[in-house]
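Each remark here refers to the structure printed beneath this line.
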């Protein structure tokens, strides 16, 4: 077996393929069509014949996949998140895992604002109305939405940000242009909020009760799963909008459908889903929901940079060097890793 075989699960931008080819890697791409996924069986079979795996969030890289090849030298994920990888098992087995952090902050913040503005001003509903040829006469009550800036009331709107890492802070910074009051809550980052020039700390209940718009940017953990459920949605204003560009399971999607149907909140903008790509029953029928297919980081520049970073990490794995973005750097000091290097 070649010592430079890289298994890429999905079709990725050329910016990631070019450096791997230049290095002399032998590339295999499992995905044959953009709309076709990769089965777990295909993944495991492919791992048996590669030296480095380059997956995306869509593939579960579990212990079965990780143990399929005792010569596997690394997993170079093309994503910031790595919930799909059993990192604990990888570390135990001596396999470095890397990701592509810090590249999608602005792109995701921009998409968050696109969702916020689209839901507030009912852009998608209005587009469908226009495209269907229903616009016959202008009227003062046509698609009334909510102001994002002070607007006619002259009162600044309140933006509540849950999860105040790089993306949350970038969203807050953009709110300056709308003269908004920005509140932030982060169960793991209170100090960052307190140091911020763009937001004021608020406990979760206060944030939900005061905010006209709530955006989610927190990581998915056992503590944050269903962080927004019925009690939280009932605390929000009936004119408020909820935006999720973080992880789907942070919201109880069934509860959200009920909130949208019954008018607990005015609208929601989602880029991620609890059981992606499946949506909760009834969500697609809610006219006050703007639904995107997980495209928050989908700009040409950002996805290209992500692919390039994944390639750089993959080449480090092939060289048996420390990857620039290892999420389990402690693995390099383990006997399991040293043994893997010696036998590969």
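Given the Cα-Cα distance of residue 225 and residue 188 and 0.36 nm per residue of separation, how much length would full extension add, in nm? Working shown, then result.
Working: separation 37, 0.36 × 37 = 13.32 nm, distance 1.44 nm.
Net length gain for the segment: 11.9 nm.
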Q. Who wins for biggest fluctuation among 176, 159, 117 in a Gaussian network model of the chain, springs between alpha carbons below 10 Å?
A. 176
Q: Run the quick spin-label model on residue 339 and residue 45: label points 7 Å from Cα toward the beta carbon, then report their separation in nm to one decimal.
A: 3.0
Q. Along the Cα-to-C-beta direction of residue 281, a point sits 7 Å from the Cα; which residues of region 205-243 have their amide N less than 19 Å from that point?
A. 230
(Q) Over the chain, what is the relative contact order in percent, taking alpha-carbon pairs closer than 8 angstrom and at least six residues apart? (A) 21
Q: Can you put 70, 275, 252 in order of Cβ neighbours within 10 angstrom, beginning with the fewest?
A: 275, 70, 252
Q | Shape call, region 105-291: gyration tensor on alpha carbons, a/c limit 1.5 | A | oblate
Q) Given springs between every Cα pair under 10 Å in a Gaussian network model of the chain, which of 153, 211, 297 has the largest fluctuation? A) 153
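Which FRET efficiency value, to the nearest 0.05, do you get for residue 132 and residue 34 by plugging their Cβ-Cβ distance into 1/(1 + (r/R0)^6) with R0 = 30 Å? If you can, show how the numbers build up before the last one.
Details: r = 29 Å, r/R0 = 0.95.
It comes to 0.55.
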Q) Tell me, 196, 299 in order of fewest to most beta-carbon neighbours within 10 Å? A) 299, 196
Q) Angle between the Cα long axis of helix 14-23 and the longest principal axis of the chain, 0 to 90 degrees, nearest 10? A) 20
Q) Helix 105-120: angle to the longest alpha-carbon principal axis of the chain, degrees 0 to 90, nearest 10? A) 30
Q | Added length on full extension, which subtracts the Cα-Cα distance from 0.36 nm per residue, residue 64 to residue 26 | A | 11.3 nm
Q) What is the list of residues in region 218-244 whose amide nitrogen lies under 17 Å from a point 7 angstrom out from the Cα of residue 200, following Cα to Cβ? A) none
Q. Taking springs between alpha-carbon atoms closer than 10 angstrom, which of 266, 36, 65 fluctuates most in the Gaussian network model of the chain?
A. 36
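In what sequence do 87, 278, 75, 61 fall when counting other Cβ within 10 Å, fewest first? Mind showing how you got there, number by number?
On the way: 87 20, 278 11, 75 29, 61 25.
Ordered from fewest to most neighbouring Cβ atoms within 10 Å, 87, 278, 75, 61 come out as 278, 87, 61, 75.
When DSSP assigns beta bridges and you keep just the ones with both residues in the chain, what percent turn out antiparallel, to the nearest 5?
Numbers: 2 of 37 bridges.
Around 5 percent antiparallel, to the nearest 5.
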Q. Once the Cα atoms of helix 300-319 and of the chain are each reduced to a long axis, what angle between those two axes, in degrees from 0 to 90 to the nearest 10, is obtained?
A. 20
(Q) Helix-only estimate, please: 222 nm mean residue ellipticity of the chain, summing -39500 (n - 2.57) across DSSP H runs of length 4 or more and dividing by its residues, to the nearest 500. (A) -10000 deg cm²/dmol
Q: Tell me which label goes with the value of P(r) over Cα pairs in 10 Å bins from 0, in percent computed from the coordinates here: (i) 5, 20, 24, 22, 16, 9, 3, 1, 0; (ii) 5, 25, 35, 24, 9, 1, 0; (iii) 5, 23, 28, 22, 15, 5, 1, 0.
A: (iii)
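For residue 155 and residue 291 in one chain, what is 0.36 nm times their gap in residues minus the Cα-Cα distance, to one decimal in nm?
46.1 nm
Sorted by packing (mean other beta-carbon atoms within 10 Å per residue), highest first, where do 319-328, 162-171 land?
162-171, 319-328
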Q) Normalised by the number of residues in region 105-291, what is the relative contact order in percent for Cα pairs under 8 Å and 6+ residues apart? A) 20
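Laboratory data are not the source of any read-out in this text; all were calculated from the coordinates shown. Please read these numbers as outputs of a predicted model, since none were measured by experiment. Using ideal geometry, Cβ is built from the backbone for each residue, glycine included, and neighbour counts are taken over all protein chains shown.
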